[in-house]
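The values are calculated or read from the model by the stated rules, or taken from the named source; none is laboratory data. Fair warning: this is a prediction, and the values are worked out from it, not measured in the lab. A quick note on method: Cβ atoms are made from the backbone with ideal geometry, for glycine too, and the neighbour counts reach across all protein chains shown.
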Amino acid sequence: MSFLSIALLVFILVCALAVCLTRNLLVSIIILMSQGLAMSVIWILLESPDLAITEAAVGAGVTSLLFFVTLKKIHAIEGDAPDGKTEE
């Protein structure tokens with residue numbers, strides 16, 4: 001195994017542990033997005049570009065975007081007050 005492969009595997013394991021231990025939803029989504037991008041690099045190293053593109057587009061892109069929109073809708077992202085009221 002090359003150093004890059006080992007580093008990517010360690011990064012994915014650290015991301016999985018970090019998502020399990022964090023309590024902030026926004027941080028969890030960002031960590032999952034970076035894990036999806038690392039997975040797409042692993043698929044490229046395994047010479048499977050079709051899976052890499054799918055993982056980058058769906059795993060890191062669309063899924064993260066849907067999570068961000070959901071957090072915005074349920075007002076879980078800080079600085080967003082419901083009904084247009086400002087927080088004091």
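Picking from Ile29, Ile77, which residue would you name as being of a type in the set (A, V, I, L, M), farther than 20 Å from Met1 by Cβ and over 11 Å from the mean Cα position of the chain (by Cα)?
Ile77
For the range 5-22, check the following and say yes or no: at least one residue is of a type in the set (S, T, N, Q) and modelled with pLDDT of 90 or more. Yes. Is one or more of the residues making up the range 28-41 in contact with a Leu (Cβ under 9 Å, 6 or more places away or on another chain) and either outside any helix (DSSP H, G or I) or modelled with pLDDT under 85 (or both)? No, the range 28-41 contains no residue that is in contact with a Leu (Cβ under 9 Å, 6 or more places away or on another chain) and either outside any helix (DSSP H, G or I) or modelled with pLDDT under 85 (or both).
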